[in-house]
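See below for the structure under consideration.
The values are calculated or read from the model by the stated rules, or taken from the named source; none is laboratory data. In this text, all values refer to a predicted model and were calculated from it rather than measured experimentally. Methodologically, a virtual Cβ is constructed for each residue, glycine included, from the backbone with ideal geometry; neighbour enumeration extends over all protein chains shown.
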Amino acid sequence: MNLHGIWAIYKFEMHRFRRTLWTGLAVPVITTSLYFVVFGSAIGSRMREINGIDYGSFIVPGLMMLSLFNESIFNSSFGIHMPRFTGTIYEILSAPLSALETVLGYVGAAASKAIIVALVIFVTAHLFVDVQVKHPILMLLYLLLVAGTFCLFGFIVGVWAKGFEQLQIIPLLVVTPLTFLGGAFYSIDMLGQPWRSITLFNPVVYLINGFRWTFFGTADVSFEAALTATFAFFLVCASVIWWIFRTGYRLKQ
């Protein structure tokens with residue numbers, strides 16, 4: 001394992017994050033505050049508790065997942081797309097680095113950024129509501145798993161995209177709508193049939209509810225089902241990346 005090579009990629013990507021540190025941290029703080037003003041105060045004051053959980057606390061895991069999804073995809077896709085755009089991808093491909101080591105460098109840095117932002121949102125949420133985490137160790141492990149999974153997905157998007165405009169298509173037109181429709185700000189038990197059954201086909205439902213279970217010990221789907229769905233998505237993304245490096249799809253073009 002070329003740890004020096006992995007660390008070089010990781011350090012380079014994290015240096016880009018440090019250059020925009022205050023902007024990168026200020027945006028989620030402001031966005032989270034606005035969500036609590038709109039959803040927590042305006043809407044939450046008119047809603048009853050959900051499964052015995054105060055509405056302001058209920059939306060915290062959903063807010064964290066929403067930011068985690070977008071940050072993971074953006075950081076990972078941008079990280080691999082820039083070398084393709086500038087032509088320096090050939091230097092990476094010719095370096096003494098395996099596909100696994102290259103992916104670990106980019107995905108590790110992107111996951112670190114996304115987790116930092118998610119934890120900043122978690123801290124910000126305490127300014128508005130009292131949030132207790134029932135399973136803190138599981139929460140951190142699950143956060144790491146989801147971040148790694150979506151960073152792998154973002155890596156695929158970065159290789160697939162032909163331009164910077166296409167980098168925004170998947171997060172804006174696919175992931176964000178699925179997150180809003182996946183129970184980030186409500187319980188899917190509140191939906192009538194057939195919409196509740198249809199919602200269960202949304203994979204984001206399982207990710208959000210798995211994370212919510214680590215907070216409150218209760219969710220719309222079981223933690224086992226959520227964990228299985230997350231691992232399945234992780235394996236699919238890892239398999240696609242293996243195929244990309246094996247065939248050179250859009251890496252050597």
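Just a few scattered comments:
- Taken over the stretch 232-253, the criterion of being among the aromatic types (Phe, Trp, Tyr), touching a helix residue (DSSP H, G or I) at 6+ places or on another chain (Cβ under 8 Å) and more than 21 Å from residue 63 (Cα to Cα) is satisfied by 234, 242, 245, 249.
- Count of residues meeting criterion [surrounded by 20 or more Cβ atoms within 10 Å (Cβ to Cβ) and out of contact with any Leu (no Cβ under 8 Å at 6 or more places or on another chain)] in the stretch 186-207: 4
- Test result for residue 85, outside any loop (DSSP other than H, G, I, E, B), among the aromatic types (Phe, Trp, Tyr) and surrounded by fewer than 20 Cβ atoms within 10 Å (Cβ to Cβ): yes
- Among the residues of the stretch 229-253, just one is small (Gly, Ala, Ser), over 16 Å from the mean Cα position of the chain (by Cα) and either closer than 15 Å to residue 77 by Cα or not in a helix (DSSP H, G or I) (or both), namely 248.
- Residue match in the stretch 208-220 (condition: closer than 16 Å to residue 67 by Cα and hydroxyl-bearing (Ser, Thr, Tyr)): no
- Residue pairs whose Cβ atoms lie under 9 Å apart, sitting 6 or more positions apart in sequence or on different chains, and linking a residue in the stretch 120-134 that is acidic (Asp, Glu) to a partner that is assigned to a helix (DSSP H, G or I) and modelled with pLDDT of 85 or more, are 130/57.
- Positions within the stretch 209-253 being closer than 29 Å to residue 129 by Cα and not hydrophobic (A, V, I, L, M, F, W, C), in sequence order: 209, 210, 212, 214, 217, 218, 220, 222, 224, 230
- The residues of the stretch 88-142 that are touching a Phe, Trp or Tyr at 6+ places or on another chain (Cβ under 6 Å), more than 22 Å from residue 14 (Cβ to Cβ) and either aliphatic (A, V, I, L, M) or part of a helix (DSSP H, G or I) (or both), listed by number, are 133, 142.
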